Amino acid sequence: MSQPLSTTRAPAAATAAASVPASAFAERADTERWPARLALMLAHCAGMLDLVALPVWVGTLVSAYQLDPQQAGGLATLFLVGAVFSSLAVAPRLHRLPGRLVAALGFGLAALAFAGVSQTTDYATMAVLHALAGVTSAAALSCTHGTIARSANPHRLFAFVGIALGVFAVLFFAAVPPLLAQLGGALLFQVFAGVMAVACVATALAFPQRVRGQVPVAGQGSPAAVPRVALGRAVWLGALGVSCMAVVQAMMFSFLERIGMDRGFGLQAVNAVLVALGLVNLLPAGLAALLQRRWLAERVVLCGPLAQAVLVLVITQSQQFAPYAAAASVFAAVMIFTHTFAFGLLARLDPSGRALAATPAMMMAGAALGPVLGGTLVKWAGYESLAVAAVLTAACAVACFSQARQRTSAHPAQPA
């Protein structure tokens, strides 16, 4: 099947390349340089910190700060709500904003906010600083994802930053939980501040210059001019499907560590599971890139929510360590793998790249609901209630992605 695919797209790529001025290629070359790629990798790791750290984040707020699950989930939700509104404000204005300045300033302010959290135990102050960190880091992340979406090969570059996030997860889970047990919960927010500070310096020095007026053809190495048109129904439903998966991800991930501890598996065993989770997260982005031409994105995004729901059932219902550990270690990988294909699917549905520039909003809109929803369910109905919510949300995600699939399949590529 790979031969007809390449035959079909080659003339389109050649036509696009012929119609784009040389200056457009010169502007895009910056994202192909490794200093620029490394800056985007570090920015992605900092901006997607919640995807890695959420179980330790909420667990630390419960164990070290003596908050109940609802209060702890509420702080994480404030961070994510701030991120959603920030991304929705920044994404439509990317062409008018200096990307390097916004990214560096956003991460710098987020570093200061998290440093402030580490110095207080007052809930109201922590809430304000969590919201501020979300607003500022998401502004930086929107510029990061907008740049990735307008690179010469967005699927490949998104896979690179996904691999970087996996490496970051390994380092985080290997180092931070043991240190928290020794040095106290404030260390977590000092680590968050350090991560944001590193991203601030990296983006200030090497963030790629903004691409003006051109967007890449999805899945191609050549950019092409694309008229500005309204986003279609399939794009909105595809984005909503990603948000539904983010709800399940955040809801379950927030209490992954607490479930293991409350069921008596022990701190060392639970930390080992988190390290294993980080190691597994090294694989899905690269694997998704390798399978880009072999697996249909429309099918992958239908299977992803179902896999999520099954894993939540195993994690929440199992009283034994082995099933819990096996399911927990691959849980985040399902989201990373499926989101990479969803990124490619949305690139085809929206060649202008505007939908992908709002990736932080579509991810964090769902993730913002997850911690507080999960905390409320756990508080009133126990961990088992998370499985019911996950199954219902997965059904909504499948329904949304099925409509995106119908839209893309309604206009198949014509052979040359």
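For (1) assigned to a helix (DSSP H, G or I); (2) in contact (Cβ under 8 Å) with a residue 24 or more places away in the chain; (3) closer than 19 Å to Arg100 by Cα, each residue gets a yes or a no:
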residue: Thr125; (1), (2), (3): yes, no, no
residue: Leu129; (1), (2), (3): yes, no, no
residue: Ser137; (1), (2), (3): yes, yes, yes
residue: Thr147; (1), (2), (3): yes, yes, yes
residue: Phe168; (1), (2), (3): yes, yes, no
residue: Ala174; (1), (2), (3): yes, yes, no
residue: Ala181; (1), (2), (3): yes, yes, no
residue: Leu187; (1), (2), (3): yes, yes, no
_Candidates Ile336, Ile315, filtered to the one that is part of a helix (DSSP H, G or I) and either surrounded by fewer than 22 Cβ atoms within 10 Å (Cβ to Cβ) or more than 19 Å from the chain's Cα centre (by Cα) (or both)_ = Ile315
_I want to confirm something. Restricting to region 64-106 and keeping residues that are among the polar types (S, T, N, Q), closer than 24 Å to Gly184 by Cα and in a helix (DSSP H, G or I), which single residue is modelled with the lowest pLDDT?_
Gln70
*Might you let me know whether region 399-406 holds any residue that is buried (at least 20 other Cβ atoms within 10 Å of the Cβ), in a helix (DSSP H, G or I) and at pLDDT 90 or above?*
yes
*Please find, among Pro4, Pro55, Pro11, the residue that is farther than 19 Å from Asn153 by Cβ and modelled with pLDDT under 50.*
Pro4
*Of these, Leu231, Leu237, which one is out of contact with any strand residue (DSSP E or B) (no Cβ under 6 Å at 6 or more places or on another chain), of a type outside the set (Gly, Ala, Ser), at pLDDT below 85 and over 18 Å from Gly166 (Cβ atoms)?*
Leu231
*List pairs: first in region 306-326 and farther than 26 Å from Cys400 by Cβ, second part of a helix (DSSP H, G or I), Cβ under 6 Å, 6+ apart or cross-chain?*
Ser318/Tyr324; Pro323/Val314; Tyr324/Ile315; Ala325/Val273
*So which of Gly304, Gly278, Gly366, Gly344 ends up being part of a helix (DSSP H, G or I), surrounded by 17 or more Cβ atoms within 10 Å (Cβ to Cβ), small (Gly, Ala, Ser) and touching a His at 6+ places or on another chain (Cβ under 6 Å)?*
Gly344
*Phe114 vs. criteria among the aromatic types (Phe, Trp, Tyr) and farther than 22 Å from Val270 by Cβ*: yes
*Do the conditions hold for Ala355, that is, is it surrounded by fewer than 20 Cβ atoms within 10 Å (Cβ to Cβ), among the hydrophobic types (A, V, I, L, M, F, W, C) and either modelled with pLDDT of 80 or more or in a helix (DSSP H, G or I) (or both)?*
no
*Only one residue in Leu109, Leu132 is over 14 Å from the mean Cα position of the chain (by Cα), surrounded by 20 or more Cβ atoms within 10 Å (Cβ to Cβ), at pLDDT 90 or above and over 28 Å from Phe337 (Cα atoms), so which one is that?*
Leu132
*Cross-chain or 6+ apart pairs with Cβ under 8 Å, region 93-109 first and over 19 Å from Leu356 (Cα atoms), then outside any helix (DSSP H, G or I) and modelled with pLDDT of 90 or more*: Ala104/Phe207
*Can you find a residue in region 153-171 that is modelled with pLDDT of 90 or more, of a type in the set (Gly, Ala, Ser) and in contact with a helix residue (DSSP H, G or I) (Cβ under 7 Å, 6 or more places away or on another chain)?*
yes
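The values are calculated or read from the model by the stated rules, or taken from the named source; none is laboratory data. Nothing here was measured: the structure is a model prediction, and the numbers come from that model. No Cβ is skipped: glycine too gets one built from the backbone with ideal geometry, and neighbour counts run over all protein chains shown.
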